[in-house]
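S.K.: Got a structure here, written out as structure tokens. Questions coming.
The values are calculated or read from the model by the stated rules, or taken from the named source; none is laboratory data. Computed from a predicted model, the values in this text were never measured in an experiment. Glycine gets a Cβ as well: all are built from the backbone with ideal geometry, and neighbour counts include every protein chain shown.
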Amino acid sequence: MKFSRKTLGIPYAVFLVLFVAAPLLVLFYYAFTNGQGQFTVQNLTDFFTDPNTLGTLFYSLLIAAATTALCLLLAYPAAYILATSRLKAKSVIIMIFVMPMWINFSLRITALKEILTVIEGNLAFYPFLNSVIGMTYDFLPFMILPIYNTIVRLDGSLIEAAKDLGANDRQAFFRVTLPLSVPGIVSGVSMVFLPAMTNYVVLDMLYNNTYIMGSLIGSYFSAYNWHGGSMIALVLLGIICLFTLLTGGMETEDARTGGALL
Amino acid sequence: MRKRRIFAALAAVLALFLTAFPSVQAKSVEEEPVVVLRVCNWEEYIDLGDWEEDEVIDLESGDIIGVNDMVTDFEEWYRETYGVTVRVEYSTFGTNEDLYNMLTLGDVYDLVCPSEYMIMKLMAEDLVQPLSEDFFDEEDEYNYYIQGVSPFIRGIFEGHDINGVTWDRCAAGYMWGITGFVYNPEEVSEEDASTWHLLENTDYYRQITIKDNVRDSYFAAVGALKSDLLTSEAFLNDPDYAEKLQDEMNDTSQETIDKAQEFLQGIKDNLYSFETDSGKADMITGKVVANYQWSGDAVYTMDQAEEDDYYLNFAVPVESTNIYFDGWVMLKDGIAGNAARQHAAEAFINFLSRPDNVIRNMYYIGYTSAISGGDDERILEYVDWCYGAEEDEEDTVEYDLSYFFTEEEDSEDYILTVPEEQLKRQLVAQYPSEELIRRASIMVYFDAEKNEAINRMWIRVRCFNINQVPLWAWIAIGAAVLAGAVAFIVKKVR
């Protein structure tokens with residue numbers, strides 16, 4: 001049997017239909033129907049008129065933005081130093097960054113909880129801060145890897161050229177390295193920002209009592225309200241699409257491979 | 001039903017896939033099963049066996065130990081007793097709502113074990129297959145359930161009905177309990193812990209957890225809000241006290257819902273957190289000083305703490321406590337008129353109700369069985385084995401459990417001699433005294449409209465309200481967006 005492009009695509013096509021397209025259709029169906037199965041846009045208008053839903057969206061964005069900023073602040077210098085160093089064992093060090101991901105997620109957060117308790121005393125006083133720390137802890141590798149991959153592949157001669165033309169180290173970094181590593185940053189940001197909006201398990205485990213989008217959807221489902229919950233998920237999906245479209249223009253092949261390495 | 005059809009189509013595609021790999025299926029079946037029984041129970045709610053040797057429960061009437069898991073033991077017992085091979089497909093659920101959602105999405109089970117309010121809901125929606133007449137035949141030696149069910153539980157099940165059908169016709173009790181506070185007696189006084197007001201007590205600012213569960217939280221809120229009424233002499237001495245208490249605790253008027261919201265929003269800042277799963281561990285590690293618990297979990301928490309020589313107590317609020325039951329019900333969808341399957345399902349309930357199995361389950365999970373054992377005295381013996389005082393022990397008290405074990409008036413066979421401290425510990429959580437039971441109230445299921453209203457209330461309590469965002473924040477966000485847009489345009493123009 002010959003492997004043509006067509007036959008090789010079949011497994012993924014099946015996967016796509018079963019686990020992406022079909023659930024999406026179900027999601028659409030529930031979002032635009034009411035309990036009696038009739039078409040309605042009530043769920044949509046409910047979303048944008050309910051101060052709690054909007055408040056939750058706001059709070060989720062805030063948590064996600066803070067997490068992304070913190071991740072970027074930690075990841076960029078680390079990735080930069082690593083990528084530009086002369087160390088031979090770079091791949092080993094990058095492995096150390098990724099290693100936490102090999103340990104079970106809830107185990108890691110439980111450990112973090114104990115560490116934070118030692119530092120803070122009573123965790124209940126800093127719910128927002130703890131959530132951001134927890135998310136950062138969880139998502140940091142997703143930020144480091146794409147940035148590292150972009151920087152490590154930069155053409156060194158560009159920086160040499162800049163310096164030949166009279167730029168000092170600082171200028172070379174801000175005018176050459178940083179702009180060229182934007183694709184890595186964009187890729188990292190999109191991999192951290194979006195999950196951070198919905199990963200409510202971190203909030204639950206670190207005692208943040210305020211709902212984010214994920215927990216809000218869950219609470220609709222526990223109340224047997226599939227329709228409202230699906231609409232929230234759908235709106236979230238819309239926001240993600242918008243976000244991807246806005247940043248998509250800047251994304252290049254480098255950034256994608258950076259992501260693919262994960 | 002259109003929803004069903006979508007899932008049916010998906011299931012069909014999946015089934016096609018699975019049949020493409022027949023070898024996977026064939027391996028797991030050694031012999032052709034005659035009856036397949038699909039059971040769905042709470043997580044960690046049955047003995048899984050594999051006990052250490054030193055865990056043996058050495059009652060005078062004989063040792064009890066869990067070697068195999070309960071389900072395997074049932075399959076063997078059923079084959080030996082009835083000569084029919086049964087294979088149990090055992091699965092678990094996390095919350096009553098999860099179970100209900102699984103059922104509505106088309107999962108089919110023969111036997112499930114939800115809590116009382118979900119049983120009521122399932123009964124009201126006519127999804128439950130009533131138990132057969134044979135199940136109630138006390139002459140049949142294998143009908144352990146009807147021979148052994150506690151008269152107290154039986155009374156409650158016979159005394160409540162849905163559309164004229166009493167609970168006992170459809171549901172068989174499995175475990176039951178009450179709610180209360182596990183607390184650290186060195187930090188919290190017994191008096192403080194014995195009221196729902198503990199939740200708003202600022203002496204314990206950010207040191208108390210409560211379950212992240214709308215029903216339990218609502219119950220606690222109502223208990224605290226109506227504290228004065230519920231503890232008033234007039235109310236306590238009312239001839240219809242039990243009935244009125246249940247009405248008050250199940251008050252779902254909009255006014256009460258609004259007040260509950262205010263109360264819960266108030267305590268949200270006073271509490272350590274609403275916990276989903278961490279309450280037990282946080283209590284043991286000392287992160288919190290009190291935790292609102294189901295009695296079975298409370299027993300587990302106190303047991304675990306004791307292993308580290310750390311003693312925790314249990315207190316039941318003076319206003320009222322929530323008495324809950326988990327019970328086995330058969331589902332019409334699953335049984336589908338299949339007599340052999342129904343027989344196996346009822347036999348499963350009976351097997352779990354056999355006193356030695358009851359003890360194994362209780363030992364393993366820490367909850368209290370609905371079975372008292374009838375003529376079989378092993379369960380009382382087990383309670384004595386767990387909590388009874390040593391012969392030479394001082395400071396002992398008599399503890400009367402007649403209400404649970406017998407229908408006889410003034411029987412003295414069910415009075416245990418226990419260490420006095422047990423009145424605040426595991427014993428009172430696992431087997432509450434009759435006095436505590438008097439102020440226990442069932443929390444019934446709410447109809448769709450009330451359920452919606454209470455869930456809305458809960459979302460309002462838990463969500464950040466957009467109106468709370470201060471004006472300066474909006475201005476800052478606006479400025480940031482504007483700056484970004486300007487920077488973008490300037491860059492493009494260049």
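S.K.: Which condition from (1) more than 25 Å from B:T276 (Cβ to Cβ); (2) surrounded by 21 or more Cβ atoms within 10 Å (Cβ to Cβ) is the one that A:A196 breaks?
M.R.: (1)
S.K.: When you go through (1) more than 9 Å from chain B (Cβ to nearest Cβ); (2) free of Cβ contacts under 8 Å to residues at least 40 places away in the same chain one by one for A:S222, which number turns out not to apply?
M.R.: Every condition holds for A:S222 apart from (1).
S.K.: Next question. Could you tell me whether any residue of the stretch B:180-193 is out of contact with any Cys (no Cβ under 6 Å at 6 or more places or on another chain), polar (S, T, N, Q) and in the same structural domain as B:S433 (by TED's automatic domain parsing)?
M.R.: Yes; the residues of the stretch B:180-193 include at least one that is out of contact with any Cys (no Cβ under 6 Å at 6 or more places or on another chain), polar (S, T, N, Q) and in the same structural domain as B:S433 (by TED's automatic domain parsing).
S.K.: Being touching a residue at least 40 places away in the same chain (Cβ under 8 Å), in a helix (DSSP H, G or I) and at the interface with chain B (Cβ under 9 Å from one of its Cβ atoms) is the filter here, so list the residues in the stretch A:202-219 that pass it.
M.R.: A:M205, A:L216
S.K.: Can you tell me which condition A:G166 does not meet? The list is (1) more than 12 Å from chain B (Cβ to nearest Cβ); (2) farther than 29 Å from B:Q265 by Cα; (3) part of a helix (DSSP H, G or I), and all the others hold.
M.R.: Result: A:G166 passes all but (3).
S.K.: Six or more apart or on different chains, Cβ under 6 Å: which pairs go from a residue in the stretch B:412-428 that's assigned by TED's automatic domain parsing to the domain that holds B:L312 and within 24 Å of B:W294 (Cα to Cα) to one that's in a helix (DSSP H, G or I) and hydroxyl-bearing (S, T, Y)? Could you list them?
M.R.: Filtered contacts from the stretch B:412-428: B:V418/B:Y387; B:Q422/B:Y387; B:L427/B:Y387.
S.K.: Considering only the stretch B:63-96, state which residues are surrounded by fewer than 17 Cβ atoms within 10 Å (Cβ to Cβ), outside any loop (DSSP other than H, G, I, E, B) and either β-branched (V, I, T) or free of Cβ contacts under 8 Å to residues at least 12 places away in the same chain (or both).
M.R.: Selection gives B:D63, B:T72, B:E76, B:R79, B:E80, B:T81, B:T92.
S.K.: Within the stretch B:38-62, track down each residue that is in a strand (DSSP E or B) and at pLDDT below 95.
M.R.: Answer for the stretch B:38-62, where residues must be in a strand (DSSP E or B) and at pLDDT below 95: B:I57, B:D58, B:L59, B:G62.
S.K.: So which strands (runs of 3 or more DSSP E) are wholly in the stretch B:320-434 and hold at least 1 residues that are in contact with a Phe, Trp or Tyr (Cβ under 6 Å, 6 or more places away or on another chain)?
M.R.: Here the list reads B:321-331, B:415-419.
S.K.: In addition: Restricting attention to the stretch A:232-250, which residues are within 14 Å of another protein chain (Cβ to nearest Cβ), more than 16 Å from the chain's Cα centre (by Cα) and part of a helix (DSSP H, G or I)?
M.R.: A:I232
S.K.: So if I check each of B:Y205, B:Y183, B:Y218, which one is closer than 20 Å to A:N208 by Cα, of a type in the set (F, W, Y) and either surrounded by 16 or more Cβ atoms within 10 Å (Cβ to Cβ) or in contact with a Phe, Trp or Tyr (Cβ under 7 Å, 6 or more places away or on another chain) (or both)?
M.R.: Exactly one residue qualifies, and that residue is B:Y218.
S.K.: May I pose another question? Just checking, how many residues over the stretch B:221-238 are touching a residue at least 40 places away in the same chain (Cβ under 8 Å), out of contact with any Ser or Thr (no Cβ under 8 Å at 6 or more places or on another chain) and surrounded by fewer than 20 Cβ atoms within 10 Å (Cβ to Cβ)?
M.R.: So the answer is 1.
S.K.: Looking only at the stretch B:285-303, decide whether some residue is within 20 Å of the chain's Cα centre (by Cα), over 16 Å from B:Y367 (Cβ atoms), in contact (Cβ under 8 Å) with a residue 24 or more places away in the chain and within 14 Å of another protein chain (Cβ to nearest Cβ).
M.R.: Yes, some residue in the stretch B:285-303 is within 20 Å of the chain's Cα centre (by Cα), over 16 Å from B:Y367 (Cβ atoms), in contact (Cβ under 8 Å) with a residue 24 or more places away in the chain and within 14 Å of another protein chain (Cβ to nearest Cβ).
S.K.: For the condition within 14 Å of chain A (Cβ to nearest Cβ) and either touching an Asp or Glu at 6+ places or on another chain (Cβ under 7 Å) or at positive phi (or both), what is the one hit in B:G66, B:G94, B:G49?
M.R.: B:G94
S.K.: Looking only at the stretch B:222-276, filter to residues that are within 26 Å of the chain's Cα centre (by Cα) and aromatic (F, W, Y); which one of those is farthest from the other protein chains (Cβ to nearest Cβ)?
M.R.: Filtering the stretch B:222-276 for residues that are within 26 Å of the chain's Cα centre (by Cα) and aromatic (F, W, Y), the one farthest from the other protein chains (Cβ to nearest Cβ) comes out as B:Y241.
S.K.: Now for a different question. Can you confirm whether B:V288 is among the aliphatic types (A, V, I, L, M), buried (at least 20 other Cβ atoms within 10 Å of the Cβ) and under 30 Å from A:N52 (Cα atoms)?
M.R.: yes
S.K.: Scan the stretch A:91-104 and report the pairs whose first residue is touching a residue at least 40 places away in the same chain (Cβ under 8 Å) and whose second residue is in a helix (DSSP H, G or I) and basic (K, R), with Cβ atoms within less than 7 Å and a gap of 6+ or a chain change.
M.R.: Matching pairs, first to second residue: A:P100/A:R108.
S.K.: Would you mind telling me which numbered condition in (1) within 14 Å of chain A (Cβ to nearest Cβ); (2) of a type outside the set (D, E); (3) within 22 Å of the chain's Cα centre (by Cα); (4) not in a helix (DSSP H, G or I) B:Y109 fails?
M.R.: Of everything listed in (1) within 14 Å of chain A (Cβ to nearest Cβ); (2) of a type outside the set (D, E); (3) within 22 Å of the chain's Cα centre (by Cα); (4) not in a helix (DSSP H, G or I), B:Y109 misses just condition (1).
S.K.: Limited to the stretch B:278-309, what total is found for residues that are under 22 Å from A:S106 (Cα atoms), aliphatic (A, V, I, L, M) and not in a helix (DSSP H, G or I)?
M.R.: 1
S.K.: Confirm whether B:L131 is within 14 Å of chain A (Cβ to nearest Cβ), surrounded by 20 or more Cβ atoms within 10 Å (Cβ to Cβ) and closer than 28 Å to B:G49 by Cβ.
M.R.: For B:L131, the condition - within 14 Å of chain A (Cβ to nearest Cβ), surrounded by 20 or more Cβ atoms within 10 Å (Cβ to Cβ) and closer than 28 Å to B:G49 by Cβ - is not met.
S.K.: In the stretch A:9-98, which helices (runs of 4 or more DSSP H) lie fully inside it and hold 3 or more residues that are within 14 Å of chain B (Cβ to nearest Cβ)?
M.R.: A:22-31, A:42-49, A:51-84
S.K.: Using the structure shown, decide if B:R460 is surrounded by 10 or more Cβ atoms within 10 Å (Cβ to Cβ), in contact (Cβ under 8 Å) with a residue 24 or more places away in the chain and either among the acidic types (D, E) or not assigned by TED's automatic domain parsing to the domain that holds B:K259 (or both).
M.R.: Judged against the criteria, B:R460 is a match.
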